[in-house]
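Peer 1: Okay, here's the structure, questions in a sec.
Every number here is computed from the coordinates shown, using simple stated rules; none is lab data. Keep in mind it's a predicted model, so treat the numbers as computed, not measured. Every residue, glycine as well, gets a Cβ built from its backbone with ideal geometry; the counts of neighbours run over all protein chains shown.
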Amino acid sequence: MFTLPPAGTLGSVGRNSLIGPDFMTLDLALLKNVRLQGSTSLQLRAEIFNLTNRPNFGQPKPERLQSGPQMRRRHDQPDSG
């Protein structure tokens, strides 16, 4: 759990201390310009998006902060009482 730093300070957690799942996307575009008559040309193009077909799930969010005796909770969690 992380705690809120005092006002006017930056806290002690280092950069990139929360590591989430890898984000990977690979797009591919192949194209060929074909010259027709005179100054006319035609471009043949094939594009593929998300070639790896891999889901990219969300990164950690700073929702796990503790402020005083009460802890912040996510909105999608039901009340415990």
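Peer 1: Mind checking the full-extension length gain between N33 and N56? Use 0.36 nm per residue of separation minus the Cα-Cα distance, one decimal, nm.
Peer 2: Numbers: separation 23, 0.36 × 23 = 8.28 nm, distance 3.38 nm.
Full extension from N33 to N56 adds 4.9 nm.
Peer 1: May I pose another question? Say R0 is 35 Å: what FRET efficiency, to the nearest 0.05, do E47 and N16 get from their beta-carbon distance?
Peer 2: Details: r = 33 Å, r/R0 = 0.94.
It comes to 0.60.
Peer 1: Each residue of region 17-30 in order: what ³J(HN,Hα) in whole Hz does its phi give by Karplus 6.51 cos²θ - 1.76 cosθ + 1.60, θ = phi - 60°, with x for Gly and Pro?
Peer 2: Calculated HN-Hα couplings, in order: 7, 9, 10, x, x, 4, 10, 9, 9, 9, 10, 9, 9, 10 Hz.
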